[in-house]
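> Below is the structure I would like to discuss, written out as structure tokens.
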Amino acid sequence: MTAVTVEIEGVTAPATFSRLPDALGAVWGSLRALPLGARQYDAYRYFFTRPDAVEHVAEFIERDGELNLSFSMEGRPHAVRLRRVGAAAR
């Protein structure tokens, strides 16, 4: 897979990683520090750290050019975006 850009809307600026495993580690590192509810925390932990997380996320990005997820924090929605470098943001 080519490089990916990741962003957590309202939390982190876009950052580009040459390797998807590094991008997933950074996203999870940022998410786990947030005041998420227990269910959101567990869901994101599973999604980004499960044994096949890299392959699973790569499938979404290869198929759709990006992966968009969302969560609620302090009553406001936030998007988690991972996209191939060069893919237009939606």
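Bear in mind that the values in this text are calculations on the coordinates, not laboratory data. Computed from a prediction, not measured in an experiment: that's the story for all the values here. A quick note on method: Cβ atoms are made from the backbone with ideal geometry, for glycine too, and the neighbour counts reach across all protein chains shown.
> Enter the Cα centre distance for the pair segment 1-49 and segment 65-81, rounded to the nearest angstrom.
10
> With +1 on each Lys and Arg Cβ and -1 on each Asp and Glu Cβ, how big is the dipole of segment 4-84 about its Cα centre, in debye rounded to the nearest 20?
160
> In addition: Calculate the translational D of the chain in whole µm² s⁻¹ from Stokes-Einstein, where the hydrodynamic radius comes from the Kirkwood formula applied to all Cα pairs, the temperature is 37 °C and the viscosity 0.692 mPa s. Walk me through the numbers before you get to the answer.
On the way: Rh = 13.1 Å.
In µm²/s, the coefficient is 250.
> Measuring from label point to label point, each 7 Å out along Cα→Cβ, what is the Glu59 to Ala3 span in nm?
About 2.8 nm, to one decimal.
> A further question follows. From the phi angles alone, apply the Karplus equation (6.51, -1.76, 1.60; θ = phi - 60°) to segment 38-43 and give each ³J(HN,Hα) in whole Hz, x where the residue is Gly or Pro.
Going residue by residue, I get 4, 5, 4, 4, 4, 5 Hz, with x marking Gly and Pro.
> Quick check: pseudo-label points 7 Å beyond the Cα along Cα→Cβ at Ser18 and Asp52, how many nm apart are they?
2.9
> Could you please rank Glu55, Glu7, placing first whichever residue has the fewest other Cβ atoms within 10 Å of its Cβ?
Glu55, Glu7
> Moving on. Sorted from fewest to most neighbouring beta carbons within 10 Å, what does the list Phe47, Phe71 look like?
Listed from fewest to most nearby Cβ atoms, that is Phe47, Phe71.
> Further, regarding this structure: Can you compute the helix-only [θ] at 222 nm over the chain? Use -39500 (n - 2.57) per DSSP H run of at least 4 residues, normalise by all residues, nearest 500 deg cm²/dmol.
About -13000 deg cm²/dmol.
> Give me the net charge for the shell around Ala13: Cβ to Cβ below 13 angstrom, other residues only, Lys and Arg +1, Asp and Glu -1.
Result for the local shell: -1.
> Could you line up Tyr46, Tyr41 from fewest to most neighbouring Cβ atoms inside 10 Å?
Fewest-to-most Cβ neighbours within 10 Å comes out as Tyr46, Tyr41.
> Here's something else I'd like to know. For the chain, with the dipole built from +1 on Lys and Arg beta-carbon atoms and -1 on Asp and Glu ones, taken about the Cα centre, which of Thr5, Ser30, Phe60 lies farthest toward the positive end?
Towards the positive end, the residue furthest out is Ser30.
> Let's test the formula: R0 of 25 Å, r as the Cβ-Cβ distance of Val85 and Arg45. What FRET efficiency results, to the nearest 0.05?
Efficiency, from the Cβ-Cβ distance: 0.45.
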